[in-house]
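The values are calculated or read from the model by the stated rules, or taken from the named source; none is laboratory data. Quick caveat: nothing in here was measured; it's all calculated off a predicted structure. Cβ coordinates were reconstructed from backbone atoms using ideal geometry, including for glycine residues, and neighbour counts include every protein chain displayed. Surface areas here come from the heavy atoms of the whole protein model, side chains and all, with no ligands, DNA or RNA. Shrake-Rupley method; radii C 1.70, N 1.55, O 1.52, S 1.80 Å.
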Amino acid sequence: MLVLPFILPDLLGKTGEAFFDAILLTLVCALPVWFVILAAKQAEQERITMARESEALKAQQMMTLAQLATGVAHEIRNPLTSIKMLIQVNKDKFAEEGLPTDDLELVVHEIRRMERSVNSLLEYARPERSEFAECNLQKIISNTAQLIENRCTSQNVELNLNLLQFPALVEGDSAQIQQLLLNLVLNSLDAMPEGGTLTVEVSPSEETYEIIVRDTGTGIAPAVESRLFTPFVTTKDNGVGLGLGICKRIAEMHNGTLTGVNRPIRGAEFCLTLPLTHVNSQANMESELDSVNSQPETEAACKVY
C-alpha cells in the first residue's frame, strides 16, 4: 500500500489507489482474522464438549448413586422394621425381665430416626410418580401451617402467612409441593430453637408465583452456602443432607426454581417459583384484584405465638 503510488503513479487516480488499498488490506488481514475466528470456534466447541461430558459423567454418577442407595436402603430398612416390631410386641415382656422401659423407648426412637434416613435415601434415589392437577397454593400453605402450629408455639416462633386474596392456581402435585414447603419451614424452625419469626408469603408476576419462606434464624452456614442443594451436604448433627436436594428436584419437576440465600440482617430466605396454570395478562390480574377490593377485607396474615 505504501509503494503503490510509486509503482503505478500515472495510471491510478485517487479512487483507484483507494480501491487497490482496500483489496490489499483485505488480503493482508484476511488470514489472521480467519485464524482468530477458527481458534475461537474451536475453543467454544471444546468448551461445549467438556460441558456435555461433565453433565454425562454427573448423570452417570447420580444413576450409580441412586442404584447403590436403593439397594443399601432396602437391605437396612427390612431388618430395622423387624427389630422395631419385635421390641414393640415384646415391650412388656422385656420390662418384666428387667430391661428399663426408657431404654426400650430410646431404641425405638433411634430406629425410627434411622428409618427416616433410609426413607430419605429411597425418596431421593427413586422419586414418587407425580399426579399433576390444578391446585391452590393458598390451601397448600394453610395445610402446611397447621402441621407446624404446635411446634411454633412450643419454640416461641411467630408464624406470619402473607397470602393473596384470590386463588393462586398452579399445575402440579399438591402433595409434593406441600412436602417441599414443609421441608423448608421445618429447616427454618430448626434454625430458630430459641424463638424468632417465620414468614411465608406469596407474590404473583405475569407468568409465575413466588413463594418465599423467610426466617430470623442462624442462616445458611458459609461452608455449605455454595453447595446448598448438593446431596449429603448438611450441618445438622443428625441430618442426611438430602432434604433440600429433594426440594429442588420437586421444583424442577414442576418447571419451577428454588433458591436460597442469607438475609442481610439475620436468617435465611428461600424462594420457590412456580408457573401459573394459565398465563394471565396484567389486565386480568388487575380485574381480579379490583373484584377482591370491592369485597369486605379479610385477615391476610395468620400469627401463631
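Worth a mention:
Residue-wise test of (1) aromatic (Phe, Trp, Tyr); (2) farther than 30 Å from residue 213 by Cα; (3) over 21 Å from the mean Cα position of the chain (by Cα); (4) modelled with pLDDT of 75 or more.
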{"position": "64", "(1), (2), (3), (4)": "no, yes, yes, no"}
{"position": "71", "(1), (2), (3), (4)": "no, yes, yes, no"}
{"position": "74", "(1), (2), (3), (4)": "no, yes, yes, no"}
{"position": "83", "(1), (2), (3), (4)": "no, yes, yes, yes"}
{"position": "109", "(1), (2), (3), (4)": "no, no, yes, yes"}
{"position": "120", "(1), (2), (3), (4)": "no, no, no, no"}
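Quick grid of which residues meet (1) open to solvent by less than 40 Å² (accessible area, probe 1.4 Å); (2) closer than 23 Å to residue 246 by Cβ; (3) touching a Gly at 6+ places or on another chain (Cβ under 7 Å):
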{"residue": "166", "(1), (2), (3)": "yes, no, no"}
{"residue": "169", "(1), (2), (3)": "no, no, no"}
{"residue": "174", "(1), (2), (3)": "no, yes, no"}
{"residue": "182", "(1), (2), (3)": "no, yes, no"}
{"residue": "185", "(1), (2), (3)": "yes, yes, no"}
{"residue": "190", "(1), (2), (3)": "no, yes, no"}
{"residue": "193", "(1), (2), (3)": "no, no, no"}
{"residue": "212", "(1), (2), (3)": "yes, yes, no"}
{"residue": "215", "(1), (2), (3)": "yes, yes, yes"}
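- Residue 201 surrounded by fewer than 16 Cβ atoms within 10 Å (Cβ to Cβ) and outside any loop (DSSP other than H, G, I, E, B): no
- Exactly one residue out of 51, 59 is exposed (fewer than 12 other Cβ atoms within 10 Å of the Cβ), within 30 Å of residue 230 (Cβ to Cβ), modelled with pLDDT of 75 or more and of a type in the set (A, V, I, L, M), and it is 51.
- On inspection, residue 213 fails the criterion of being more than 18 Å from residue 267 (Cα to Cα), assigned to a strand (DSSP E or B), among the hydrophobic types (A, V, I, L, M, F, W, C) and touching a helix residue (DSSP H, G or I) at 6+ places or on another chain (Cβ under 9 Å).
- Members of the stretch 134-162 found to be without any contact (Cβ under 8 Å) to a residue 40 or more places away in the chain and in contact with a helix residue (DSSP H, G or I) (Cβ under 9 Å, 6 or more places away or on another chain), listed by number: 136, 139, 143, 147, 151
- Once the stretch 234-268 is narrowed to residues that are within 17 Å of residue 178 (Cα to Cα), open to solvent by 20 Å² or more (accessible area, probe 1.4 Å) and not in a strand (DSSP E or B), the residue that is modelled with the lowest pLDDT is 243.
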